[in-house]
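Please treat every number below as a calculation from the coordinates, not as lab data. Note that this is a predicted model, so its numbers are computed, not measured. Note: ideal-geometry Cβ built from the backbone for every residue, glycine included; neighbour counts use all protein chains shown.
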Amino acid sequence: MSDDEILAKLTEIIRDQLDEDDIVLNMSTLASSVEGWDSLAHVRVMIGVEEAFGIRFQTSEITSLKNVGELVALVRTKL
Amino acid sequence: MFAPLKMPWLTEPPADFRARVKRVADLENGHGSALAQLATHRLNSAQALSFTNVQQNLVKRGISLAPLSPFRLALLSSGTVDAVATALPAAGARHGVALEVVVAEFDQIIQTAFDDSSEIFAKRPDAVLVHFDHRWLGLDRFEPSADAARERVDHAIDRVVTVLRALADRTGQIIVSNLAVPPESLFGGLDASVAGTRKAQIAAFNLLLRVMAPECGALVLDIAAAAEQVGTATWFDPVVWGLYKMPFAAECVPLVADLIARQLGALRGRVRKCLVLDCDNTLWGGVIGDDGLAGINIGPGNAEGESFLAVQQMALEMKRRGVILAICSKNYDEIARGPFLEHPDMALRESDIAVFQANWADKPSNLEAIAASLDIGLDALVFLDDNSAERAQVRAALPMVAVPELPADPAYYPLYLTSAGYFEAVAYSQEDATRADSYLSNARRAEVKQQVRDLGEYLRALEMTLDVRAFDEPGRARIAQLINKSNQFNLTTRRYTEADVRSFERDPAALTLQARLQDKFSDFGMIGVVIARPHDSDPEAYDIDTWLMSCRVLGRRVEEGMLEALVTQVRNAGRRRLYAHYLPTDKNRMVREMFDTLGFELIAEQKNGGRSYRLNLDDIAPRQLPFATKGA
């Protein structure tokens with residue numbers, strides 16, 4: 001899976017998890033800049049990403065994420 | 001393997017679930033029923049969120065969600081349970097309630113319980129659920145002194161009772177969770193015997209809570225039992241506890257929501273009262289109409305017979321606690337009753353059955369008749385049937401009837417049925433136990449008012465593939481077996497040996513068909529056989545010597561698919577007509593009119609009940625059949 005494909009799938013997942021169909025993400029998007037992506041939604045997003053890709057994150061991996069690009073890179077290492 | 005976390009008794013949601021749930025918002029009426037129907041699926045977190053958002057908007061617009069019963073629930077937890085709150089409306093709709101959930105701030109149980117001005121109480125909740133785990137109560141560490149351990153448990157109970165009493169002064173129904181035992185051990189197998197281990201402290205706490213909760217007017221949410229059934233090593237997830245303070249694994253969320261919703265449904269009286277059972281391959285192995293009393297598989301002595309016996313014993317236990325039992329089977333009444341009356345290894349007897357519906361009408365009509373005759377709602381029925389097509393038909397026609405999905409192996413049926421929470425109770429009394437008996441009236445039959453139902457959509461949804469081909473060597477043994485075993489769906493009941501079958505296979509003048517059926521749930525294997533020979537006197541015709549099918553595929557239009565294949569063969573052979581016969585036996589009454597239904601012309605009736613038919617191929621109207629077809 002290329003980074004673009006991962007980003008596209010992540011965008012779908014995050015739209016689903018925030019129930020908001022017009023969210024657009026790029027590699028430098030910060031969670032805080034997306035409406036509705038608060039700390040509670042973040043739990044849902046991370047669990048939804050694990051559920052959709054069939055992967056599990058480690059504690060340290062989740063706590064160190066800075067932006068969407070880093071999440072894409074992290075997912076890539078798990079596939 | 002049975003994995004309760006996946007709630008395998010629920011159906012997979014359609015791929016466009018979110019679009020469907022959003023469309024509920026645009027309905028003119030029937031919002032509540034539409035939501036209840038969508039909630040019968042197993043939902044992931046995003047689907048549950050869409051459901052919740054749609055339902056909340058409907059409530060905001062002041063739209064009634066009847067027949068769902070409105071219920072406001074306040075949730076107080078020592079952990080992060082927002083995911084549960086999101087999953088709750090769908091779970092509630094599954095169990096008859098339209099839930100509005102308000103969540104107190106994370107880890108503010110005590111502050112909230114004592115705060116009269118809390119927004120939780122301002123919402124006037126119908127029930128408050130207090131949820132905590134062992135960590136909040138200090139039962140998360142070893143205590144070497146047994147006395148100190150007992151003191152610690154007492155202290156934990158005091159803390160909980162204080163909260164429950166405070167809530168009792170301020171609100172209505174209280175529900176309190178008990179504690180799951182974490183999977184780590186200190187002494188291994190000795191843990192339960194050492195008073196100071198977490199396991200022993202939590203066990204002592206749970207016992208005390210069972211005593212104290214009723215004194216405070218609280219119901220217990222049995223998280224401990226759920227965690228045990230799931231497996232505590234799966235239940236507890238140290239990663240999400242560390243990161244988010246979620247008290248259990250994310251995968252547990254739908255099940256926890258369902259457990260809560262069952263209890264709320266039971267509080268509102270939204271419980272199922274009657275278990276309706278199919279017969280063939282649900283209560284015994286085999287087909288009673290074909291295999292006879294001696295041929296069905298039930299009772300001790302072999303693994304399959306014992307697993308069917310276990311299904312019957314579970315049904316009997318349910319009856320002993322007060323669940324009404326009914327039978328709904330596609331069979332002749334006297335044939336279906338046979339095992340209940342005469343088979344020595346049956347656990348269920350005719351006298352255990354309140355309504356006994358065995359006939360050839362469709363199952364939705366019979367379920368309606370059962371509910372009407374017991375004077376209970378359709379939403380009080382649970383229907384257990386091994387046949388995926390029957391299940392799909394009942395769900396499509398009567399979405400308010402609970403119909404658990406079932407795996408191929410009947411050994412799992414009791415687990416599926418008892419894990420789905422259909423018969424949840426918040427209290428139990430001696431009167432409940434005798435209720436089932438009060439409905440018994442000698443296994444009466446109810447009058448069926450059969451309706452014409454559009455089955456097209458449900459048949460298409462089964463994604464059936466019908467494979468029809470001429471006899472060949474790989475099919476030979478099974479063809480011979482069907483020819484010698486089929487009694488009910490058998491037009492001529494002519495028996496042939498395997499050697500005879502081989503002669504048909506090699507006879508260039510004969511037309512032969514073997515049909516196999518698959519759908520998205522299961523592979524039925526070979527289910528139909530046709531043999532036709534050149535007609536004696538009409539050189540442009542074939543004569544159908546044998547036509548039989550397995551009763552497992554009744555009502556799926558397989559006979560039409562087989563006719564279509566046969567007609568193609570007749571045309572390819574350059575002929576234009578088909579002759580056919582119905583030869584009556586004491587078992588094949590159900591197909592007496594099959595050729596009429598297929599469009600054949602009745603040309604003669606014999607004194608013994610035999611019927612002769614003719615079909616001109618030019619007169620056949622094309623049919624839209626619900627199969628993908630293949631075959632040689």
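Summary of values
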quantity	calculated
Anchor B:LYS520: lysines whose Cα lies under 24 Å away (excluding residues fewer than 8 positions away in-chain)	B:LYS6, B:LYS330, B:LYS363, B:LYS630
Helical contribution to [θ] at 222 nm, DSSP H n ≥ 4, -39,500 (n - 2.57), averaged over chain B, rounded to 500	-12000 deg cm²/dmol
Likely footprinting exposure, B:LEU617, B:LEU267, B:LEU348, fewest C-beta neighbours within 10 Å first	B:LEU617, B:LEU267, B:LEU348
In Hz, Karplus ³J(HN,Hα) per residue of region B:269-280 (6.51, -1.76, 1.60; θ = phi - 60°; x = Gly, Pro)	x, 8, 10, 7, 10, 9, 9, 9, 10, 6, 9, 4
Range of Cα positions in region B:69-267 per principal axis (Å), largest first	48, 34, 30
Fewest-first ranking of B:TRP360, B:TRP9, B:TRP284, using other Cβ atoms within 10 Å as the exposure measure	B:TRP360, B:TRP9, B:TRP284
Total charge dipole magnitude, the protein assembly as shown, about the Cα centre, Cβ charges on Lys, Arg, Asp, Glu only, Debye to nearest 20	860 debye
Pairwise FRET efficiency - B:ASP158 versus B:GLN108, Cβ, R0 = 22 Å, nearest 0.05	0.70
Computed label-point distance, nm, for sites B:GLN481 and A:ASP3 using a 7 Å Cα→Cβ extension	5.8 nm
Per-pair calculated FRET efficiency, R0 = 30 Å: B:ASP16 and B:ASP333 via Cβ, rounded to 0.05	0.10
FRET E, pair B:TRP360, B:ARG72, Förster distance 45 Å, beta-carbon r, rounded to 0.05	0.40
Residues B:CYS551, B:CYS252, sorted so that the one with the fewest Cβ neighbours within 10 Å comes first	B:CYS551, B:CYS252
Span-like helix ranges in chain B, DSSP H, alpha carbon extent 24 angstrom or more, Kyte mean at least 0.0	B:198-215
Computed lengthening from B:ARG23 to B:ALA372, 0.36 nm per intervening residue step minus Cα-Cα distance	122.4 nm
Anchor B:LYS273: aspartates and glutamates whose Cα lies under 13 Å away (excluding residues fewer than 8 positions away in-chain)	B:ASP375, B:ASP379, B:GLU424, B:ASP432, B:ASP437
Net length gained if the chain between B:SER145 and B:LYS245 were fully extended (0.36 nm per residue, minus Cα distance)	33.0 nm
Inter-part distance where region B:213-292 and region B:527-591 are each reduced to a Cα centre, Å	49 Å
Kyte-Doolittle mean at least -0.5, axial Cα span of 18 Å or more - DSSP H helices of chain A	A:3-18, A:39-53
Built amide H within the under 5 Å cut-off of B:ASP543, gap 5+	B:ARG533, B:HIS535, B:TYR579
Listed residues B:PRO247, B:SER69, B:PHE142: farthest to the positive end of the dipole of region B:69-267 (Cβ charges)	B:SER69
Where only alpha carbons of chain B are counted, the Rg and the Dmax (Å)	29.4, 100
Entries in B:LYS587/B:LYS607; B:LYS199/B:LYS245; A:LYS9/B:LYS22; B:LYS60/B:LYS123; A:LYS78/B:LYS22; A:LYS9/A:LYS78 that, when Cα-Cα distance is taken, lie over 25 Å	A:LYS78/B:LYS22
Distance histogram for region B:462-630 (every C-alpha pair counted, 10 angstrom bins, percent rounded to whole numbers)	10, 40, 39, 10, 0
Hull shadow area, averaged, the protein assembly as shown [alpha-carbon convex hull, nm²]	37.6 nm²
